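See structure below.
The values are calculated or read from the model by the stated rules, or taken from the named source; none is laboratory data. All values reported here derive from a predicted model rather than from experimental measurement. Every residue, glycine as well, gets a Cβ built from its backbone with ideal geometry; the counts of neighbours run over all protein chains shown. Ligands, DNA and RNA are stripped out before the accessible areas are found, and what is left, the full protein with its side chains, is counted by its heavy atoms. Shrake-Rupley method; radii C 1.70, N 1.55, O 1.52, S 1.80 Å.
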There are 2 protein chains.
Amino acid sequence: MGAGHGHRAASVTDTRIRVAALTPRMDVGPRDARHLHVLRLKVGDVLRVFDGQGAEAEAQILELDAGRAVLTLGEAVSGAAETPFPLTLAVALLKGDKLSDVVRAATELGVARVQLLVTARADAREIGAQKLTRLQRVAEEASKQSRRAVTPEVLPPIPLADFQWEGQLFVAQPGSAGRIISLLDWAAPVNILTGPEGGLTDAEVSGLLERGAHAVTLGPRILRAETAPVALLGAIAAAGE
Amino acid sequence: MGAGHGHRAASVTDTRIRVAALTPRMDVGPRDARHLHVLRLKVGDVLRVFDGQGAEAEAQILELDAGRAVLTLGEAVSGAAETPFPLTLAVALLKGDKLSDVVRAATELGVARVQLLVTARADAREIGAQKLTRLQRVAEEASKQSRRAVTPEVLPPIPLADFQWEGQLFVAQPGSAGRIISLLDWAAPVNILTGPEGGLTDAEVSGLLERGAHAVTLGPRILRAETAPVALLGAIAAAGE
């Protein structure tokens, strides 16, 4: 509790904001403070804070005005929305806003990081710094909306040949007979990889399979490059964890 | 073959166009004729025609100019891209272009029809005739791109209580323990149902379960209303068929 709260009693709210670190006393910048105002939160109200690295806790509003807020740390909340091992999406560079759509949906579906890839048929060979920052912002917003404690990292593009992974790697490959549901093992990190419009080349796929990847099907139809990762992550989400 | 084709030999192409019906001689309108021109197809080239009802066949170009084309029917092609029983997506009305995105991805992922629904928390109670036509057009385009012989029907909205289904109905429901992969049975039609932003009400879900629907999970995170159908259809596509 504190002085200055409104007429209604302080309450426990659904609001979640990201902080730099979970410390006993946390200062909140103007953007989030405005957000708390818009939601009509008051001094004494309880919300949740998360650090984007997996830590999440309750926090109470100690001070609040239009430009800033101060919170005090409450009880830790375990990251119930996280998969047991990190889930990585490696995705070829795509044109326009398609990567934003993929990053947004992938965040909702639980990925811990998105590794951008340059492949033979990728729509681009690089990505601007601004665009990368924008993708990271999309991941942050989506993380908030889906109530995750982790904000996925969006990693700048590397050539496909340089992509290293731990645990299992599943490659969405039209015409393959593998089923992710039968192959998936949550006892190790899970990685999925999807190609650009036009697909991976046969040589790229063989290269990945030689390095231990599994080719898996998404049915007999041709999917757009931006649909395949969402469909494959949907299959993983539906399998439970 | 025929008179008027260019220097190269006639070839079998990947091109697919929709026709009103598969008849021995088919007239093609200006839009598709222009498309054939742009692709540099010639008299004698072979392409595929489909009627949007599941029938698909090879066809040869008999005449072609900028405004029209005439095709002759060749061998029938079986609809390899279709699921063994029809797959229906029932989806609550969503704001803006979200329904277009859902219809596009759902078409790629093999649905035979999309039934729009009015639910308690749906973003709208109805949909304009123009918008419905636009959604149907999106289904047509996506069908072409994913090389399906069937163009899904997009059916105008009905109240959730009036929605009837044959076979199995799976409802995406946060917090449910059911897994579509374990429950799915391709020996009968498959239906999936997803709610609006804000979800179905508890009463709506109970009503469906009482009528025999299965509640299934898409993991512990909150998905946007436009992500849930794609994720669930992805799980079905990854399961095979």
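Based on what the data block shows, is A:Leu109 under 15 Å from A:Val230 (Cα atoms) and under 12 Å from the mean Cα position of the chain (by Cα)?
Spelling it out, A:Leu109 is indeed under 15 Å from A:Val230 (Cα atoms) and under 12 Å from the mean Cα position of the chain (by Cα).
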Next on the checklist: Quick check on my filter: what residues within the stretch A:145-158 are open to solvent by 40 Å² or more (accessible area, probe 1.4 Å) and either modelled with pLDDT of 90 or more or not basic (Lys, Arg) (or both)?
Outcome noted: A:Gln145, A:Glu153, A:Pro156, A:Ile158
Checklist entry - When you scan the stretch A:159-241 for helices (runs of 4 or more DSSP H) that lie fully inside it, which ones turn up with 1 or more residues that are open to solvent by 50 Å² or more (accessible area, probe 1.4 Å), within 14 Å of chain B (Cβ to nearest Cβ) and farther than 22 Å from A:Leu99 by Cα? => result A:180-183
Checklist entry - Would it be correct to say that A:Lys131 is within 14 Å of chain B (Cβ to nearest Cβ), outside any loop (DSSP other than H, G, I, E, B) and open to solvent by 30 Å² or more (accessible area, probe 1.4 Å)? => result no
Checklist entry - Only one of (1) within 13 Å of chain B (Cβ to nearest Cβ); (2) among the charged types (D, E, K, R); (3) part of a loop (DSSP other than H, G, I, E, B) fails for A:Lys144. Which number is that? => result (3)
Item to check | Lone unmet requirement of (1) under 24 Å from B:Leu218 (Cα atoms); (2) in contact with a helix residue (DSSP H, G or I) (Cβ under 8 Å, 6 or more places away or on another chain) for A:Arg134 | outcome: (1)
